[in-house]
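The values are calculated or read from the model by the stated rules, or taken from the named source; none is laboratory data. None of these values were measured; they are calculated from a predicted model. Neighbour counts are summed over all protein chains in view; Cβ atoms, including those assigned to glycine, are modelled from backbone coordinates with ideal geometry.
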Amino acid sequence: MVDMSKYLVHFSNSYDSMMRILSSGTIDPSGPFGKLNKLPQHREKTVCLSEKPFDSLSKLSSRRGSKFGLAFTKEFIISKGGNRVWYVEKNSSQHISLERMASSNNSSLLELVPFIEIVSNNQNERRDFDWEREWRV
């Protein structure tokens with residue numbers, strides 16, 4: 001897989017929010033995100049970032065309604081436990097395997113939960129992730 005950029009960007013929708021991040025040195029996580037985010041044993045919140053070439057950031061920024069962003073190298077985000085999000089097709093063999101592991105309360109799976117999203121080809125359920133490569137910490 002070819003990298004889109006060596007940087008990952010966290011977007012913020014307000015000047016005040018960006019100033020809080022810069023003054024505190026931390027980004028407050030949100031969520032939880034991921035396949036099993038409704039399970040009581042998984043309530044971990046995450047910070048979301050986008051991998052986009054810098055010359056394409058304006059499209060993503062306008063789509064999100066965000067005027068501000070902070071860029072980090074991938075190496076830094078990986079060192080903090082981050083990884084790209086894995087998109088799994090709904091009702092695929094991988095999705096079925098994930099459901100089976102979730103029903104057995106597989107503790108190893110819980111470590112991966114923030115990085116897994118189920119996507120669907122059904123137009124009524126479709127969330128379009130093709131234009132962005134998302135990362136989470």
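Of the residues 74, 35, only one is at pLDDT below 80, touching a Leu at 6+ places or on another chain (Cβ under 8 Å) and charged (D, E, K, R); which? Before the answer, list the steps.
Working: 74 fails: at pLDDT below 80.
Exactly one of 74, 35 is at pLDDT below 80, touching a Leu at 6+ places or on another chain (Cβ under 8 Å) and charged (D, E, K, R), namely 35.
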* What number of residues within region 63-91 satisfy the criterion of being farther than 20 Å from residue 45 by Cα, surrounded by fewer than 13 Cβ atoms within 10 Å (Cβ to Cβ) and not basic (Lys, Arg)? -> 4
* **Failed item, numbered, when residue 91 is tested on (1) part of a loop (DSSP other than H, G, I, E, B); (2) at pLDDT below 75** => (2)
* Structure fact -> Out of (1) at pLDDT 80 or above; (2) surrounded by fewer than 17 Cβ atoms within 10 Å (Cβ to Cβ); (3) closer than 15 Å to residue 137 by Cβ, the one residue 100 does not meet is (3)
